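Down below is the structure, laid out as structure tokens.
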Amino acid sequence: MTGTAAVVTIRPARPSDAAAIAGLLAPYAAAGLVLPRTAEEIRHHVGRFLVAARGARARGKILGCVALRDYGAGLFEVRSLAVAQSENGSGLGSRLVAASVAGAKARGAHRVFALTLRPNLFRRLGFTVVEKELFPQKVWTDCKHCPKLHCCDEIAVLFDPK
Ligand SMILES: CC(C)(COP(=O)(O)OP(=O)(O)OC[C@H]1O[C@@H](n2cnc3c(N)ncnc32)[C@H](O)[C@@H]1OP(=O)(O)O)[C@@H](O)C(=O)NCCC(=O)NCCS
């Protein structure tokens, strides 16, 4: 591939991306790596999502996504991170997290956290591993619906973007 088509660009998601984002997340949700999200939920919260696609204007197939949830008081969560299998290990996951953190910083974030099975990816970007109990908001919204509530294997990571 040559020219801008080879470039993978990250941009804010549009409502028309919702089905593709849901399709990207679905196999990973089935494997218990991310929480399941319907296209309808994604469309409703589309302003939270960034996507990655080929071309300078990212018009091609969606190759990656990430969402940023605002809990208020400067606390944000990076979630729904996924990269197409064909692109795994290309650095795209790290780019998506970094772009999401930059978005949080621009919105005045004091703390950005994630629950992850890939702490090294976050550590390389400056996050540190912390106790999950630091984030009751997360526990009481999503975790109570999670099948892994009582056997959670995810690791909490935290970044102070200031
Ligand atoms: C997790 C996921 C998003 C990572 O995407 P990715 O594009 O492969 O991520 P990167 O290429 O940035 O990093 C992946 C690996 O590449 C290597 N790598 C990438 N950039 C590197 C760098 N600058 N230096 C050293 N190693 C690097 C590392 O081995 C890294 O693995 P590690 O994070 O376990 O150490 C992707 O594998 C995925 O979609 N997984 C399924 C969904 C999932 O698990 N989502 C939840 C994540 S919280």
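Quick note: the coordinates plus some simple rules give every number you see, no bench work behind them. Computed from a predicted structure; not experimentally measured. Neighbour counts are summed over all protein chains in view; Cβ atoms, including those assigned to glycine, are modelled from backbone coordinates with ideal geometry.
Treating only the Cβ of Lys, Arg, Asp and Glu as charged (+1, +1, -1, -1), what charge dipole size does the range 3-159 show about its Cα centre? Round to the nearest 20 debye. Please report the intermediate quantities before stating the final value.
Details: 22 positive and 11 negative charges, 106 e Å.
Rounded to the nearest 20 debye, it is 500 debye.
Among 14, 54, 37, which comes first, second and so on when ranked by fewest other beta-carbon atoms within 10 Å? It would help to have the intermediate numbers written out before the result.
Working: 14 11, 54 19, 37 22.
Ranking 14, 54, 37 by Cβ neighbours within 10 Å, fewest first, gives 14, 54, 37.
By how many degrees, between 0 and 90 and to the nearest 10, does the Cα long axis of helix 18-30 differ from the longest principal axis of the chain?
Between the helix axis and the principal axis of the chain, the angle is about 50 degrees.
Charges on Cβ only, +1 for Lys and Arg, -1 for Asp and Glu, centred on the Cα centroid of the range 12-162; of 29, 136, 122, which one is farthest towards the dipole's positive end?
The residue sitting most towards the positive pole is 122.
Can you give me the distance in nm between label points at residue 41 and residue 7, each placed 7 Å from the Cα along the Cα-to-Cβ direction?
3.4 nm
For helix 92-106, what angle does its Cα long axis make with the longest principal axis of the chain, in degrees from 0 to 90 and rounded to 10?
70 degrees
If you look for lysine pairs in the chain that are eight or more places apart or on different chains, how many of them have Cα atoms under 23 Å apart? Before the final figure, lay out the partial values.
Working: 105/132; 105/138; 105/162; 132/144; 132/148; 132/162; 138/148; 138/162.
Going through the chain pair by pair, I get 8.
Could you tell me what percent of the DSSP beta bridges with both partners in the range 20-134 are antiparallel, to the nearest 5? Walk me through the intermediate numbers first.
On the way: 12 of 15 bridges.
Expressed as a percentage, antiparallel bridges in the range 20-134 total about 80.
Along the positive direction of the dipole of the range 1-79 (beta-carbon charges: Lys, Arg +1; Asp, Glu -1; about the Cα centre), which of 56, 12, 71 reaches farthest?
The Cα lying farthest towards the positive end belongs to 56.
Hey, in the GNM for the chain with a 10 angstrom Cα cutoff, which one of 12, 36, 136 fluctuates hardest?
136
Compare the peptides 25-34, 114-123 by average per-residue count of other Cβ atoms within 10 angstrom and give them in order, highest first. Don't skip to the end; give the middle numbers.
Numbers: 25-34: 15.2, 114-123: 17.9.
Result, highest mean Cβ count within 10 Å first: 114-123, 25-34.
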